[in-house]
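Structure, as structure tokens:
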Amino acid sequence: MAAGGGMAGRGQVGVLFAVGMFLAGCEEPVVAARAPGLEEAGPAGGEGVGAMEWSRALVLGDSQAMRAAVAPNGDVLLVAAYGRPIDLGGGPLPFDRAARSSHLLVARYSKEGTLRWARGLVPRGTVRTQVGAVGMSAEGEVLLGGTSAGFQLGEAWLPEGPFLARMTSEGALSWVHSFPGEGPLTVGAVAVEPTSGDVVMVGDFAGHRDFGTGELSVPGDRLGAFVARFTAQGAPSWSRAYGTRKGDVSARALAVDAFGEVVVAGSYAGAVSFGGSTFVTTRPRTPFVLKLSREGAHRWSREVSGADGVAQAVAVGVDHVFLAGTYTGRFFFSQQTFESDWQDGFVATFGSQGEARWARSFAASATALAADGAGQVLVAGAHDGGLDVGKRDWRAGLYVTKLLPEDGSSVWARGFVGTGALQASTVAVDASGHALVAGSLAGPRTPGSNARDGFLLRLKP
């Protein structure tokens, strides 16, 4: 790897994630049982619209959320941690029972749900594997961020610690960055600018880190958010840190618009300024959204004032920024008051200049969000049977709804149920309007285990 930036060049690390290269020293894997799938609870208006086209379920045996992204041609890229033997249909992936961290799975499906390829990465270190984020370029190349447990990638080595990597559409490694420094760091999301292929990464950290453009730090023992941008070739462009001695900041979601401008979402506590007005909250956490120019300059920043919660997803549409999350308490938005006594979901919508448009509150979580080509927004989350969108007699489970960008009214809603509590981690829309939902459901109950299984769900446009 190159000194300082931690980047391995395209010519140095142009190798495939070959499964056979990970088998040395591993226990012979066995074919894993398949996870039970999801069932559709029923439509709510628009027969056939939003219906399940196919689904896939995976026995992962790990507590982390599964991540997914969709290519313009409809291919699906899946990234997950796994803690037990697994076979996606292309043969058992490598598995080492003696490993002290989770294994890492990277797989690609066609738009019809056929497995194209799958790679299993065996951990060689003790750092906990973290599945942080996954994204795809307009050409179908893969961006992956998280924490490495020391993975061997063919003849290359991905050292322990936080990383950002770019792979070809066939799983070959183009470049990788590691980030020197001290203190914990969590990658929250990655996104790709469609025109240039630039890569943006967000998350949070404590202590100090170098993202390739100079060391950034967070005062004292506080937690701060970071935003870092790289060229398509992996060269660092700029990085920013947000945090003060009077508050913690966490970035969890990210979107890049057609002009290359960056929208970041998360939560803060105490007091913080992103470059505009200083925000102050007495709540443990308050959601925020921040817009930066393509050069990293502050455009505008807004908070969901009064809410105790976290913004977990963000998307950009035509002259709209959509923000989703979960909250308790009360917030006032666009001359309306919204109130929750226990972890309801919200969607708040802003204009491209940060002006408040409309908001909605749901008797459910709102953990994933995406805008389609028509500017409409899809929201997904979990409900306990009291859902106030679509049919109200659905059993507890997963919901997906499409909202109009003008006022947030629901065009259609679908419900899905499984064998355990469902969570949505990703919603994405391909060029044909098909939606992809990824998430997790409770796995088999064993003493002392909180392991969850994963699912993929493709919906008709």
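Taking the criterion of being out of contact with any Lys or Arg (no Cβ under 8 Å at 6 or more places or on another chain), within 17 Å of GLU261 (Cβ to Cβ) and part of a loop (DSSP other than H, G, I, E, B), would at least one residue in region 308-318 satisfy it? The answer is yes; a qualifying residue exists.
Residues satisfying the criterion are absent from region 250-258 (criterion: over 23 Å from ASP319 (Cα atoms) and not in a strand (DSSP E or B)). Checked against (1) modelled with pLDDT of 50 or more; (2) under 24 Å from ARG414 (Cα atoms), ALA80 passes all but a single condition, namely (2).
Tell me yes or no: at least one residue of region 408-427 is in contact with a strand residue (DSSP E or B) (Cβ under 9 Å, 6 or more places away or on another chain), surrounded by fewer than 15 Cβ atoms within 10 Å (Cβ to Cβ) and under 17 Å from PHE322 (Cβ atoms). Checking region 408-427: at least one residue is in contact with a strand residue (DSSP E or B) (Cβ under 9 Å, 6 or more places away or on another chain), surrounded by fewer than 15 Cβ atoms within 10 Å (Cβ to Cβ) and under 17 Å from PHE322 (Cβ atoms). Within region 198-205, can one find any residue that is in a loop (DSSP other than H, G, I, E, B) and either closer than 25 Å to GLY61 by Cβ or polar (S, T, N, Q) (or both)? No: region 198-205 contains no residue that is in a loop (DSSP other than H, G, I, E, B) and either closer than 25 Å to GLY61 by Cβ or polar (S, T, N, Q) (or both).
How many residues, within region 245-259, are of a type in the set (Gly, Ala, Ser) and under 19 Å from the mean Cα position of the chain (by Cα)?
4
Among the residues making up region 377-397, none is under 22 Å from the mean Cα position of the chain (by Cα) and surrounded by fewer than 20 Cβ atoms within 10 Å (Cβ to Cβ). Residues of region 127-175 that are under 22 Å from ASP96 (Cα atoms), at pLDDT below 90, not acidic (Asp, Glu) and not in a strand (DSSP E or B): GLY154, PRO159, GLY171.
Among the candidates GLY25, GLY37, GLY50, GLY45, single out the residue that is outside any strand (DSSP E or B), crowded, with 22+ Cβ neighbours inside 10 Å and modelled with pLDDT under 90. Going through GLY25, GLY37, GLY50, GLY45 in turn, the sole match is GLY50. Filtering region 59-77 to residues that are in a loop (DSSP other than H, G, I, E, B) and at pLDDT 85 or above leaves SER63, GLN64, MET66, ALA71, ASN73, GLY74, ASP75. Just one of the listed residues (VAL200, VAL187, VAL134) is of a type outside the set (Asp, Glu), closer than 22 Å to SER293 by Cβ, buried (at least 20 other Cβ atoms within 10 Å of the Cβ) and out of contact with any Asp or Glu (no Cβ under 6 Å at 6 or more places or on another chain), and it is VAL200.
Considering only residues that are among the basic types (Lys, Arg) and part of a loop (DSSP other than H, G, I, E, B), look in region 110-126 and name the one that is nearest to LEU88 (Cα to Cα).
Applying the filter and picking the extreme gives LYS111.
Return yes or no: is GLY145 of a type in the set (Gly, Ala, Ser) and touching a residue at least 40 places away in the same chain (Cβ under 8 Å)?
In short, yes.
Is it the case that some residue within region 342-359 is within 25 Å of the chain's Cα centre (by Cα), over 21 Å from ALA265 (Cα atoms) and part of a strand (DSSP E or B)? So far as region 342-359 goes, yes, one or more of its residues are within 25 Å of the chain's Cα centre (by Cα), over 21 Å from ALA265 (Cα atoms) and part of a strand (DSSP E or B). Residues that are under 24 Å from the mean Cα position of the chain (by Cα), closer than 20 Å to LYS246 by Cα, free of Cβ contacts under 8 Å to residues at least 40 places away in the same chain and part of a strand (DSSP E or B) do not occur anywhere in region 321-341.
In region 198-213, the residues that are modelled with pLDDT of 95 or more reach residues that are outside any strand (DSSP E or B) and of a type in the set (Phe, Trp, Tyr) with C-beta atoms within less than 9 angstrom, at least six apart or across chains, in these pairs: MET201/PHE211; PHE205/PHE179; ARG209/PHE179; ASP210/PHE179; PHE211/PHE179; GLY212/PHE179. Checked against (1) modelled with pLDDT of 95 or more; (2) crowded, with 22+ Cβ neighbours inside 10 Å, GLY243 meets all criteria but (1). Considering (1) touching a Leu at 6+ places or on another chain (Cβ under 9 Å); (2) at pLDDT below 85, the lone condition that ARG56 does not fulfil carries the number (2). For SER293, the conditions (1) within 25 Å of the chain's Cα centre (by Cα); (2) hydroxyl-bearing (Ser, Thr, Tyr); (3) closer than 23 Å to PHE226 by Cβ; (4) at pLDDT below 95 all hold with the exception of (4). The residues of region 211-220 that are over 14 Å from TYR242 (Cα atoms) and surrounded by fewer than 21 Cβ atoms within 10 Å (Cβ to Cβ), listed by number, are THR213, GLY214. Within region 174-181, does at least one residue satisfy the condition of being in contact with a His (Cβ under 6 Å, 6 or more places away or on another chain) and surrounded by fewer than 20 Cβ atoms within 10 Å (Cβ to Cβ)? The answer is yes; a qualifying residue exists.
The values are calculated or read from the model by the stated rules, or taken from the named source; none is laboratory data. Because the structure is a prediction, the values reported are computed rather than measured. Every residue, glycine among them, receives a Cβ derived from its backbone with ideal geometry; neighbour counts consider all protein chains shown.
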